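Below is one structure, written out as structure tokens; the observations come after it.
The values are calculated or read from the model by the stated rules, or taken from the named source; none is laboratory data. On a predicted model such as this, the values are computed, not experimentally measured, just so you know. Cβ sites come from the backbone with ideal geometry, for glycine too, and all protein chains shown count toward neighbours. Areas reflect the complete protein model, heavy atoms only, side chains present, ligands, DNA and RNA absent. Shrake-Rupley method; radii C 1.70, N 1.55, O 1.52, S 1.80 Å.
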Amino acid sequence: MLLDVRDLHVEFHTREGVAKAVNGVNYRVDAGETLAVLGESGSGKSVTAQAVMGILDMPPGRITRGQVLFEGRDLLKLKEDERRRVRGAEMAMIFQDALSSLNPVLTVGDQLAEMFTVHRGMSRKDARARAVELMDRVRIPAAGQRVKQYPHQFSGGMRQRIMIAMAMALEPKLIIADEPTTALDVTVQAQVMDLLAELQREYRMGLILITHDLGVVADVADRIAVMYAGRIVETAPVHDLYKAPAHPYTRGLLDSVPRLDHKGRELYAIKGLPPSLLHIPSGCPFHPRCPMVRDVCRTDVPPLYEVTGAPAGRGSACHFWRECLHG
Ligand SMILES: Nc1ncnc2c1ncn2[C@@H]1O[C@H](COP(=O)(O)OP(=O)(O)OP(=O)(O)O)[C@@H](O)[C@H]1O
Ligand code: SF4
Ligand SMILES: [Mg+2]
């Protein structure tokens, strides 16, 4: 197992109170596997990813419980300098907005080359050559010339390729991509996603793909984890989940998309709004919006039940998952 996140809890101390952003997340990613993380805005997808990467803003954030096991080592117990080494060389993150993640006053080539001079102790000349190779690898045309340009001189799609190149530079074992294509237009989205999926396969990396786009999920992910109010409410192999969801929230997400093979569609809101993280509803946090709600849902928090009779590793945090699955 490459990454095993166990019972992770993150809170934010704000003036209005304590926002419980992540409330016992469990997920696992194997080498060569793509896990898609899906859920409405504010469900804790990014905060979970930041805690795994060790880039959470602390304060106001605080990890109050849990483990982040990376090849069996708990990253939450490492000293900051060890943590930084793991982050640089073994795991990397790709963000939605390349322009704000890249340094505007350094050329793209210098930023790529720096990965090799700092982490690999290469000479500037060799590092520069590696930078051009990498730009070629992510299919940036005329890489030899464009290596001297600044981030703002690239289109959105090309900048996203540079981000991918930066993330790939040290051949990490795990990449977390947080809405990597959301800011791009649809055709460019598909190209960038294809490139990422191709590199992931080639290098057998683990990939956590945070996305709103169900079309992307169906194309590239192996497994899916659906988040709601800082919890995983359903997890399953992608095709099983699409065939028959075992949680009413997942069902709502799928039903709100007319065609799953339609690219670029966003999730549509289910009736009502996601809960305030300052006041998460009692019992099942989805109960105020759930079409299947019963009395027990208002009082008893559903654990992530193992969905039996399904391929191994399906889980649903619904007391009535059986009815949902077969209904
Ligand atoms: N720096 C912060 N300070 C205070 N609260 C924060 C901070 N970052 C995140 N939060 C809280 O954590 C919640 C979850 O945020 P997160 O960014 O993980 O959502 P998300 O699922 O990634 O949503 P989106 O789809 O919009 O990116 C937010 O609604 C917010 O209440
Ligand atoms: S536990 Fe109850 S409220 Fe929650 S999703 Fe299941 S049926 Fe709906
Ligand atoms: Mg986010």
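Here Met115 sits with roughly 40 square angstrom of accessible surface, probe radius 1.4 Å. Rolling a 1.4 Å probe over the protein chains gives Arg85 an accessible area of about 120 Å². Counting only protein heavy atoms and a probe of 1.4 Å, the accessible surface of the chain is 52% carbon and sulfur. Relative to the longest principal axis of the chain, what angle (0 to 90°, nearest 10) does the C-alpha long axis of helix 108-120 take? Around 80 degrees separate the two axes. Extending 7 Å from Cα along the Cβ direction at Asp81 and again at Thr187 yields two label points whose distance is 5.1 nm. What is the distance in Å between the Cα centres of region 99-122 and region 267-307? Their Cα centres are 45 Å away from one another. A probe of 1.4 angstrom, applied to the heavy atoms of all protein chains, finds Cys297 with accessible area near 10 square angstrom.
Rolling a 1.4 Å probe over the protein heavy atoms gives the chain an accessible area of 46 Å² per residue. Report summary: the helix-based calculation at 222 nm, which adds -39500 (n - 2.57) for every DSSP H run with n ≥ 4 and divides by the residues of the chain, gives -10000 deg cm²/dmol. The separation of region 130-172 from region 16-63, counted between C-alpha centres, amounts to 28 Å.
Checking every one of the GluC sites (Glu not before Pro) in region 20-116 against DSSP loop status and a limit of 14 other Cβ atoms within 10 Å picks out Glu71.
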